[in-house]
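These notes are about the structure you will find just below.
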């Protein structure tokens, strides 16, 4: 087992990474301090891992709820049953939610933990690659609104994160590829050496090699931890973690959250950001092609849905990175060197949106 620590809000919490951690009762014993626990999972993950987790929590007072699976259920109405389950189990402020599942479950369970009785413990047990390298770490929680993704939420750091790489063996291939988009993101935004490592080890990652996966998860989490520690509430450099996400959220919102997986949209969003970075004169065109090639090798889409540039513009206009009416974007000065900026020519953004969302060509 490998371990990282995140130091935020005057306390530290561990990220544990390893194979078959859910079979080790000592791991859950260490991470879950509460006597009363609600395990929140979904209908896909529950048959695979719920009983295993409940066995690891033996001796405590436990309840569980399995939510419908899918991003389209990540709404205020969708999270309401979690609050109902907490009340029905008569759980108090010393209780803990264990979030067992992918990013949707983690976001919803974390949001419920942030809100219930003004905040209870949450332990994240991510079962997808995307959640293990990104959404389970850093304390961002929330649900979607018809007007945009993750518009309703709270910062609520987990008590611990348990990333069991064995759970990736049951992950559908499409979900694994979607998770790789977030791994690639860390190389693009701040670690060219990691990007090269991904290019060299991509076949092993796609083949679910446990050592390669653990290395990718650890390096991704370490990169995110460095940024989160410096800017827990996204007042500055933490926005770098949203490379590709502004365009991705527009794709997800426009397509109703049921066509594109989050990682797929992020992959295309990063390519759009790379293209715009070239249009403003920073990134070299061969580097844009290098991004496209790596995404394609990973089995990810490299063409945006034709939702229309005008609609894309409206959707990115309510992005959480808008400040004083100016949309801040995460762009690339070079591969491995990202920045958050609102200093770009409007015609570069317009041309980029037209090229990708109207289909005018890049």
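The values are calculated or read from the model by the stated rules, or taken from the named source; none is laboratory data. Model, not experiment: these values are computed from the prediction. Reconstructed Cβ throughout: ideal geometry from the backbone, glycine too, with neighbour counts over all protein chains shown.
Answer yes or no as to whether residue 142 is buried (at least 20 other Cβ atoms within 10 Å of the Cβ) and part of a strand (DSSP E or B). So residue 142 fits the description; yes. Within segment 157-165, can one find any residue that is more than 15 Å from the chain's Cα centre (by Cα), farther than 23 Å from residue 253 by Cα and assigned to a helix (DSSP H, G or I)? Yes, because at least one residue in segment 157-165 is more than 15 Å from the chain's Cα centre (by Cα), farther than 23 Å from residue 253 by Cα and assigned to a helix (DSSP H, G or I). The residue list 215, 178 contains one member that is at pLDDT 95 or above, more than 19 Å from residue 271 (Cβ to Cβ), in a helix (DSSP H, G or I) and not assigned by TED's automatic domain parsing to the domain that holds residue 138, which is 215.
Against the list (1) in contact (Cβ under 8 Å) with a residue 40 or more places away in the chain; (2) under 27 Å from residue 178 (Cα atoms); (3) touching a helix residue (DSSP H, G or I) at 6+ places or on another chain (Cβ under 7 Å), the condition residue 72 fails is (3). The residues of segment 221-236 that are out of contact with any strand residue (DSSP E or B) (no Cβ under 7 Å at 6 or more places or on another chain) and modelled with pLDDT under 85, listed by number, are 230, 231, 234, 235, 236.
One line per residue, one yes/no per condition, for (1) surrounded by 14 or more Cβ atoms within 10 Å (Cβ to Cβ); (2) modelled with pLDDT under 95; (3) on the phi < 0 side of the Ramachandran plot:
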residue	(1), (2), (3)
305	yes, no, yes
320	yes, yes, yes
323	no, yes, yes
351	yes, no, yes
356	yes, no, yes
360	no, yes, yes
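Restricting 210, 220 to those that are within 22 Å of residue 128 (Cβ to Cβ), within 14 Å of the chain's Cα centre (by Cα) and in contact (Cβ under 8 Å) with a residue 60 or more places away in the chain reduces the list to 220.
Among the residues examined, residue 287 qualifies as in the same structural domain as residue 274 (by TED's automatic domain parsing), outside any loop (DSSP other than H, G, I, E, B) and either modelled with pLDDT of 95 or more or within 19 Å of the chain's Cα centre (by Cα) (or both).
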